[in-house]
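So the structure is just underneath, and the comments pick up after that.
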Amino acid sequence: MNALAQQYNQLIEAFNRMDWPRALTLAAPLVEAAPEHPLVRFVAGIALLETGRADAALPQLEAAARLDPARLDFASHHARALLATGRVAQARRVASEAEAIPPRDPASLDVLGQVRVQVGDYDGALATFSHAAALAPTQPQLHLNRASALIGLGRFDEAEQALEQCLALAPRYWRAHYSLAQLRRQTPAHNHLARLQALLPEAANDPAALTCLHLALAKEHEDLGEYRSAITHLIAGKRAARPTRNYDPARDVAMVDALIDAFDPLPAPAEHAPINGPIFIVGMPRSGTTLVDRIVSSHSAVRSAGELHTFGHALARALRSATPYLLDPAVLAHVPGIDWPALGRAYLAHARTVVGEDSGRFTDKLPHNFLHLGAVARALPTARIVCLRRQPMDTCLSNFRQLFAASAPYFDYSYALEDVGRYYVQFDRLMAHWTRTLPGRVLSIDYEELVDHQEPVTRRLLDFCGLPWDDACLHFERNAAPVTTPSAVQVRSTLHRDSLERWRRYGAAMDGLRAILIEAGIAT
């Protein structure tokens, strides 16, 4: 056996063991020696993707799919790499085209389905996951993923059945327990408390399991009005996961300082500028951004693009940043050199591939775009910016209650109430700066006012966006478009006051958070 053949066998062994650093070491000389070998390119791409180097992984996986277009696994992971690098429209196209490839295995279909969920193609994702589950009905992950597609489509009864199928096959699929608790309001006659409590001892040494179980228990106790038990489980669940997050509040202070320095002053908008650009809906997560997105996108002239990471990616590329999702204070030194019209064109070109070239106005409701508003104002002079403001204590509690995706880069603050409070202080400080430096460009919508006075607030919102009145905006719960956020269940119902002043139900557990907000002058 020659040296290259031996190295190839070692590469496949490393791949099968998921030893990604070893696979990378072995793949480099093989890619150079055999650039037309599709499996070598595929393994190199997967190893790069699994070690967080999506930009380097993309050309490898693109080559693998080109060299062997009959492999569904190659096409699926090519789409996955496109998505990981922010190329949403291309990922959607590649995932759609992959449907024509005869399936080789349920695992490849599962990857393809996950990509389709993340690009908002819930109908396609459901078909893909259903196909995979039919091929491998004893694989619990496929039923869990099928449930996620059903939730996005608002088909909650079927989602509940899929989650129970998953748990019947694997009672320790912890995320399924969490999803099941979130799916509907639990009652004394219908809940999962006994099952969840019985599983806790088995999860004692597994932080991820403890987090899911405790948060599921917290949600169900809250539904039953048992708030002392709810907050106990909530704190325990978040405490279990916090050591895995490496959160430093000082990093956010430095980031906000740098943004304020980089975008002060900002040029005044042109007089009589047309109001025809994208509508950015921003704010703290869990503050009502999804609700306002559903209201505005119920208008006949508006489509929702969902939570696009497009602007952050485009800005990061313009700043020559190696971290496309997270800005770094150091890279903001490059702000003076940005070609703002080119950045705006790049954003619009990509966004149009998501919503359609002829779609007219559209919303972009990524909450953390509040970090980018100075750049949005300069790159997109006709854009409108709507910021949701919810009662600060309720906002912080709602962030703490939520189990955000572990892979998401924005949410490390959400594992301790006090950290959420510190993050909120920086959000509030930055929004005060944008409001001062962008007069007339940012409309603040008070969530509580929207709940209590839906029509006048909706009229003010549409007027700010330059949109004529449309009665459909008062009936956002009828909007049939899929929902990709943690609010998928809530926005299918009409407005109600159930969540207002929720923080008061938790008593002394909220004192530390409240003290932080009082010191910052945000709470009283």
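The values are calculated or read from the model by the stated rules, or taken from the named source; none is laboratory data. Predicted model, so just to flag it, every value in this text is computed and none were measured. Positions of Cβ are backbone-derived with ideal geometry, glycine not excepted, and every protein chain shown enters the neighbour counts. SASA here: full protein model, heavy atoms, side chains in, ligands and nucleic acids out. Shrake-Rupley method; radii C 1.70, N 1.55, O 1.52, S 1.80 Å.
Quick check on Leu373: is it touching a residue at least 40 places away in the same chain (Cβ under 8 Å), in a helix (DSSP H, G or I), of a type outside the set (Phe, Trp, Tyr) and crowded, with 21+ Cβ neighbours inside 10 Å?
On the way: touching a residue at least 40 places away in the same chain (Cβ under 8 Å): yes; in a helix (DSSP H, G or I): yes; of a type outside the set (Phe, Trp, Tyr): yes; crowded, with 21+ Cβ neighbours inside 10 Å: yes.
The answer is yes for Leu373.
Applying the selection to region 389-406, what residues are open to solvent by less than 10 Å² (accessible area, probe 1.4 Å) and either charged (D, E, K, R) or more than 19 Å from Val256 (Cα to Cα) (or both)? Lay out the reasoning, then the answer.
From region 389-406, those open to solvent by less than 10 Å² (accessible area, probe 1.4 Å) are 393-400; that's our starting set.
Selection gives Met393, Asp394, Thr395, Leu397, Ser398, Asn399, Phe400.
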Worksheet item: Does at least one position in region 21-34 carry a residue that is at pLDDT 95 or above and over 30 Å from Ser321 (Cβ atoms)?
Response: no
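From His192, His233, which residue is free of Cβ contacts under 8 Å to residues at least 40 places away in the same chain and under 24 Å from Arg146 (Cα atoms)? First the steps, then the outcome.
Working: His233 fails: under 24 Å from Arg146 (Cα atoms).
After ruling out the rest, the residue left standing is His192.
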Worksheet item: If the Cβ limit is 6 Å and pairs must be 6+ apart or interchain, which residue in region 349-362 that is outside any helix (DSSP H, G or I) pairs with which residue that is crowded, with 20+ Cβ neighbours inside 10 Å?
Response: Arg361/Val302; Phe362/Pro278; Phe362/Ala305; Phe362/Val355
Discussion item. Need the failing condition index for Tyr423 against (1) free of Cβ contacts under 8 Å to residues at least 24 places away in the same chain; (2) outside any loop (DSSP other than H, G, I, E, B), just the number.
Written reply: (1)
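Take Thr85 and tell me if it is among the hydroxyl-bearing types (Ser, Thr, Tyr), over 27 Å from the mean Cα position of the chain (by Cα) and either under 25 Å from Ala322 (Cβ atoms) or open to solvent by less than 10 Å² (accessible area, probe 1.4 Å) (or both). First the steps, then the outcome.
Details: among the hydroxyl-bearing types (Ser, Thr, Tyr): yes; over 27 Å from the mean Cα position of the chain (by Cα): no; either under 25 Å from Ala322 (Cβ atoms) or open to solvent by less than 10 Å² (accessible area, probe 1.4 Å) (or both): yes.
No; evaluated as a whole, the condition is false for this residue.
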Discussion item. Tell me yes or no: at least one residue of region 59-80 is within 18 Å of the chain's Cα centre (by Cα), buried (at least 21 other Cβ atoms within 10 Å of the Cβ) and modelled with pLDDT under 95.
Written reply: no
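Gly45 - would you say it is open to solvent by 20 Å² or more (accessible area, probe 1.4 Å) and free of Cβ contacts under 8 Å to residues at least 40 places away in the same chain? So that I can check it myself, show each step before the final result.
Values: open to solvent by 20 Å² or more (accessible area, probe 1.4 Å): no; free of Cβ contacts under 8 Å to residues at least 40 places away in the same chain: yes.
No, not satisfied.
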Worksheet item: Which of (1) modelled with pLDDT of 95 or more; (2) more than 20 Å from Leu224 (Cβ to Cβ); (3) of a type outside the set (Lys, Arg); (4) open to solvent by 70 Å² or more (accessible area, probe 1.4 Å) does His190 not meet, given it meets every other one?
Response: (2)
Worksheet item: Looking at (1) more than 21 Å from Asp68 (Cα to Cα); (2) open to solvent by 60 Å² or more (accessible area, probe 1.4 Å); (3) polar (S, T, N, Q), can you tell me which one Gln7 breaks?
Response: (2)
Worksheet, complete the sentence: Apart from one, (1) open to solvent by less than 10 Å² (accessible area, probe 1.4 Å); (2) at pLDDT below 95; (3) not hydroxyl-bearing (Ser, Thr, Tyr) all hold for Asp328; the odd one out is (1)
Worksheet item: Pro137 passes all but one of (1) modelled with pLDDT of 95 or more; (2) in contact with a His (Cβ under 9 Å, 6 or more places away or on another chain); (3) open to solvent by less than 10 Å² (accessible area, probe 1.4 Å); (4) not β-branched (Val, Ile, Thr); which number fails?
Response: (3)
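Considering only residues that are in contact with a strand residue (DSSP E or B) (Cβ under 8 Å, 6 or more places away or on another chain) and either assigned to a loop (DSSP other than H, G, I, E, B) or modelled with pLDDT under 95 (or both), look in region 240-288 and name the one that is nearest to Arg436 (Cα to Cα).
Met284
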Worksheet, complete the sentence: The condition of being assigned to a helix (DSSP H, G or I), surrounded by fewer than 16 Cβ atoms within 10 Å (Cβ to Cβ) and either at pLDDT 95 or above or in contact with a Ser or Thr (Cβ under 9 Å, 6 or more places away or on another chain) (or both) holds, among Pro409, Pro456, only for Pro456
Worksheet entry | Inter-residue pairs, beta-carbon under 7 Å, first among the polar types (S, T, N, Q) and in region 48-61, second open to solvent by less than 70 Å² (accessible area, probe 1.4 Å) and assigned to a helix (DSSP H, G or I), 6+ apart | Thr51/Trp20; Thr51/Leu24; Gln60/Arg41; Gln60/Ala44; Gln60/Gly45; Gln60/Leu48
Worksheet item: How many of the residues in region 100-124 are in a helix (DSSP H, G or I), out of contact with any helix residue (DSSP H, G or I) (no Cβ under 7 Å at 6 or more places or on another chain) and among the hydrophobic types (A, V, I, L, M, F, W, C)?
Response: 1
Worksheet item: Do you know which residues across region 128-157 are in a helix (DSSP H, G or I), of a type in the set (D, E, K, R) and over 21 Å from Arg172 (Cα atoms)?
Response: Asp157
